[in-house]
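**Student:** Quick one: the structure is below, and I'll ask about it shortly.
The numbers here are math on the coordinates, done by the rules we state, and not lab data. In this text, all values refer to a predicted model and were calculated from it rather than measured experimentally. For neighbour counting, all protein chains shown are included, and Cβ atoms are generated from backbone atoms with ideal geometry for every residue, glycine included.
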Amino acid sequence: MRNTLYALTNELKRLKAAGVHSVSVDASGIDRLRLAITQNKKLSQQTSTARPSPKLGDIDESSKQLLGNVEPGSLLPIPPKIKLPEGDKKTRWQALRELVINDEICLKQVRPGMPVVFGVGDIDAKVMFVGEAPGAEEETSGEPFVGPAGQLLTKMIGAMGLSRETVYIGNIMKWRPQIIPNSKGGQIGNRPPTLEEMQYCLPFLSAQIEIVDPQLIVALGSTAAHGLLGDKAFATLGEVRGKWHEFGGKPLMVTYHPSYILRNKTNRSKRMIWEDLLLVMERVSLPISDKQRGFFLNR
């Protein structure tokens, strides 16, 4: 129940950062939310009465071995240090891929039968797109950005004169952040990854960037931007989108997640993202036609 409420709270925060100021909720949804809050309060009272919150020192040895090198107050090990092997780009890339998809912590976080999601695209790409985490479709396919938002991203990349095969697409997170499963063991809905989860996976992304060596990176959405720029870097995405930043020594452009357009299907919303992508095209010296410069302008 707590995870569900946590997921809801973080999704509302993400929507607010993306510029969404209202959501529609019917009466039955309000009733269910009130019931969930009431149940959570009762559970919290029972838990606090029964025993104090456990500390790291209270965890038994077998649990410590399972969790690995855990810092105080943490549920995940400290971020791994990635040492890439010598050799050509393909050799180093394959070694990194094997390391990530077989990472013990990543494998413990994915749901049974689901893969660790590494990334897809050209390892010689000029442009790398980075999202926050896999969703339901990505978890099933093992490939980032294949759901509705991913299909829209593919169209956006095509409008730039590129393709999924000529760019690199990945997420900070290599697994779908879990919430309490339903009665059939499935997961309904998504939650944004926590800062701790993203920090654990960032060394994997940094290693991908090191090998691909793109000319620039595009961060898609508020959560991904927080993961790359820092949790306190901005309050709303509008503060940092459309401006050049830096991550890992590479120019970083922040823009809205494609799902933002799916929720706000207006030329104004499309134009905001497109203006950011025009800056990207200019930075990597892609040709820009008059038609492209006029995309989504109000008519």
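**Student:** For the cross-link pairs 174/250; 155/270; 155/291; 232/265; 89/250, which exceed 24 Å when the distance is taken from alpha carbon to alpha carbon? All intermediate terms of the calculation are to be shown ahead of the outcome.
**Tutor:** On the way: 174/250 21 Å; 155/270 12 Å; 155/291 16 Å; 232/265 29 Å; 89/250 18 Å.
Correct reply: 232/265.
**Student:** Just need the relative contact order of the stretch 64-293 here, percent rounded to a whole number, with Cα pairs under 8 Å and 6+ apart. Numbers along the way, then the final one.
**Tutor:** Values: 363 pairs, mean separation 45.3, N = 230.
Averaging sequence separation for qualifying contacts and normalising by length gives 20 percent for the stretch 64-293.
**Student:** Taking a ≥ b ≥ c as the square roots of the eigenvalues of the Cα gyration tensor of the stretch 64-293, is the shape rounded (a/c under 1.5), prolate (a/b larger than b/c) or oblate?
**Tutor:** Values: a/c = 1.68, a/b = 1.37, b/c = 1.23.
It comes out prolate by the Cα gyration axes.
**Student:** Provide the net charge surrounding residue 119, with neighbours chosen by a C-beta distance below 12 Å and charges set as Lys +1, Arg +1, Asp -1, Glu -1. Display every interim value, and only then the final one.
**Tutor:** Numbers: positive: 97, 164, 174; negative: 122, 138, 143.
My count for the surroundings of residue 119 gives 0.
**Student:** Which of the peptides 227-235, 286-294 is most tightly packed, and how do the rest follow, judged by the mean count of other Cβ atoms within 10 Å per residue? Please list the in-between numbers first.
**Tutor:** Values: 227-235: 15.3, 286-294: 10.8.
Answer by packing, highest mean first, reads 227-235, 286-294.
**Student:** Just to check I understand the Karplus step: with θ = phi - 60° and J = 6.51 cos²θ - 1.76 cosθ + 1.60, what whole-Hz values come out for the stretch 189-205, glycine and proline as x?
**Tutor:** Along the stretch 189-205, the couplings run x, 10, 10, x, x, 6, 4, 4, 5, 5, 5, 5, 8, 4, x, 5, 5 Hz.
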